[in-house]
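Here's the structure, in C-alpha cells; my notes come after.
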Amino acid sequence: MKHIMLIAGEASSDFHGACLAREIFSLSQNIRITGMGGQAMVKAGVEVVFGFSDLSAIGIVEVLGKIPSGFKRLEQVVAFLKEEKPEVLVVIDFPEFNIRLGKIASNMGITSIYYFPPTVWLWRKKRANTIARYFKKVICVFPFEAEVFKNAGAKVAFFGHPLLDEIKPSRQKEMICNDLNSGKHAGLPLFDPDSRVLGILPGSRKGEIKRLLPVMLEATGKLLKKFPDIQPVIVLAPTIEDRDVLPYLESVSFKPILLKGNTYDVLNICHLVLIASGTATLEAACLGVPMIILYKLNWLTYLLGKLLIRIPFIGLPNIIAGKEVVPELVQTKASVRNVVDLASIFLKDDHARIIVQKNLAEVRKKLGCCGATKKAAGLILEMAMNNYEKGIRE
C-alpha cells in the first residue's frame with residue numbers, strides 16, 4: 001500500500017493537512033496517510049503518530065523554550081521515517097522543524113514536498129535556496145511567493161490558495177441565532193438577530209490570548225456604551241479551550257457569546273472583527289469582513305523582527321494587497337483607545353465599511369481560483385504512485 005506522511009506543527013497546518021488528506025483519500029482508497037498533527041487530521045482519517053501541542057510557539061524568543069522538545073520530536077519522526085520509508089513526505093509550514101526534517105529525508109532518499117512553504121518573501125530569503133535543494137516540489141499558496149521560489153531554483157506548483165475551497169458559510173444569520181438561542185447552548189446570553197455582530201478572534205495560542213484578549217475586551221466594553229446594539233461574540237480557535245479565556249471574562253461588565261466551531265458562519269455575519277494577526281485575517285478577508293488587526297509580541301522578538309523584516313505590514317490582507325486595506329495595531333499601538341477609535345469609524349460610517357469590503361474583494365481575487373487543495377492532492381498522489389511503482393520495479 002502506498003504511504004504518504006504529513007507533518008503539521010500547529011493549528012492552521014493541522015487544518016490544511018486535514019483538508020489535503022480528505023482530498024487524497026477521495027482520489028485513492030489504496031493509500032495510507034500517517035504523520036504529525038492534531039485533531040483535525042485525526043478526524044480526516046490520518047494515522048497521527050505524533051502530536052504537536054508541546055511544540056507550537058511563535059516568535060524568536062518564544063521558540064527558544066521549545067528547542068529541547070523540538071529536537072526530541074525530530075529524532076522520533078526521523079526514526080519513524082527510517083522504519084516506515086513512506087513514498088512521499090509532505091511538510092506543512094512550521095519551517096524551523098520542517099526544513100531540518102526535509103534535509104534529513106532527502107539524504108535518506110525520501111521524496112519531500114513542501115506545502116505552505118515559509119515566508120521567504122518576508123524574511124530569511126536564503127531559506128528558499130535550502131528548500132529548493134532538498135525538496136522535490138514546493139506547492140505555493142501565493143502567486144508572489146511562487147516567483148521567489150522559482151528564482152531560487154525550486155520546482156514550484158501554484159494552484160491558488162486552499163482557503164478558497166474551505167470558506168463556504170452554510171447558514172444565514174437567523175439560522176445561527178436560532179441555534180445559539182436553543183437549549184444546545186444553555187447559559188449563553190441570547191443572540192439578538194437585529195444586532196450588529198462584533199467578532200472577537202484573539203488568536204490560536206495562549207500567549208496571544210494573554211496579550212490581546214484583555215485589550216479586545218476592554219475596548220468592547222467601551223464600544224458597548226457608545227453602540228448598545230452591538231453583540232460581542234468571541235470565536236475560539238480549535239487549540240483554545242473555554243478555560244483559557246474564562247478568567248479574562250470575570251473582570252468585564254458584559255457577557256459575550258463564546259463560540260468554538262462554525263467559524264465561517266459566524267465571521268460571515270460579523271459587522272466588524274477585532275482579530276489577531278494570522279490565518280484568520282485571510283479567512284475574514286475572503287468573506288469580505290471589515291477588521292482591525294491586533295498583534296503584540298515579546299519585546300525582544302519584536303525588536304529583532306523589526307531588524308530582519310523589511311515589509312511594512314504584518315496582516316496577510318495588507319501584504320497581499322501591497323497596501324493597508326485594513327488597519328493594523330501592533331505592540332504599543334494595540335491599545336484600548338486606538339481600538340475604540342478605529343472601531344467607532346466602522347460602526348458609525350457604512351461608507352468606510354464599503355470601501356474596505358471592495359478592497360478585500362480584490363485581495364480574494366489575487367488568491368487564484370478554487371480547487372487548489374484537490375490539485376495539490378492529485379500532484380502528491382501522483383508522485384507517491386510513481387515512487388511506489390519505481391520501488392516495485394527495483
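Details
- One residue stands out in segment 121-142 among those that are touching a residue at least 60 places away in the same chain (Cβ under 8 Å) and either touching a strand residue (DSSP E or B) at 6+ places or on another chain (Cβ under 6 Å) or not assigned by TED's automatic domain parsing to the domain that holds ASN386 (or both): the one that is surrounded by the fewest Cβ atoms within 10 Å (Cβ to Cβ), namely LYS136.
- Restricting the search to helices (runs of 4 or more DSSP H) fully inside segment 204-318 and requiring at least 3 residues that are at pLDDT 90 or above gives 206-226, 242-249, 279-286.
- Against the numbered list (1) modelled with pLDDT of 90 or more; (2) in a loop (DSSP other than H, G, I, E, B), TRP121 comes up short only at (1).
- Matching residues in segment 239-282 - criterion: being among the acidic types (Asp, Glu) and under 23 Å from PRO193 (Cβ atoms): ASP265
- Residue match in segment 83-98 (condition: among the aliphatic types (A, V, I, L, M), surrounded by fewer than 20 Cβ atoms within 10 Å (Cβ to Cβ) and under 29 Å from VAL289 (Cα atoms)): no
- Total residues in segment 341-394, condition modelled with pLDDT under 90 and basic (Lys, Arg): 2
- Residue match in segment 151-170 (condition: among the polar types (S, T, N, Q), surrounded by fewer than 16 Cβ atoms within 10 Å (Cβ to Cβ), assigned by TED's automatic domain parsing to the domain that holds CYS286 and at pLDDT below 95): yes
- Selected residue [polar (S, T, N, Q), surrounded by fewer than 19 Cβ atoms within 10 Å (Cβ to Cβ), closer than 26 Å to GLU166 by Cα and touching a residue at least 12 places away in the same chain (Cβ under 8 Å)] from GLN331, GLN357: GLN357
- Any hit, segment 328-338, residues being within 19 Å of GLU362 (Cβ to Cβ) and modelled with pLDDT of 95 or more: yes
- Test for GLU218: is it surrounded by fewer than 23 Cβ atoms within 10 Å (Cβ to Cβ) and touching a Pro at 6+ places or on another chain (Cβ under 7 Å): no
- Residues of segment 55-82 that are surrounded by fewer than 17 Cβ atoms within 10 Å (Cβ to Cβ), among the charged types (D, E, K, R), closer than 30 Å to ILE314 by Cα and modelled with pLDDT of 70 or more: none at all.
- Condition broken by LYS374, with the remaining ones in (1) under 19 Å from GLU23 (Cβ atoms); (2) of a type in the set (Lys, Arg); (3) touching a Gly at 6+ places or on another chain (Cβ under 9 Å) satisfied: (3)
- Residue within segment 173-183 that is surrounded by fewer than 19 Cβ atoms within 10 Å (Cβ to Cβ), part of a loop (DSSP other than H, G, I, E, B) and either of a type in the set (Asp, Glu) or modelled with pLDDT of 95 or more (or both) present: no
- When VAL266 is tested against the conditions (1) more than 19 Å from ILE355 (Cα to Cα); (2) of a type in the set (Val, Ile, Thr); (3) under 16 Å from the mean Cα position of the chain (by Cα), the lone failure is (3).
The values are calculated or read from the model by the stated rules, or taken from the named source; none is laboratory data. Quick caveat, the model's predicted, so the values are computed rather than measured. Because the Cβ atoms are built from the backbone with ideal geometry, glycine has one as well, and the counts that use them run over all protein chains shown.
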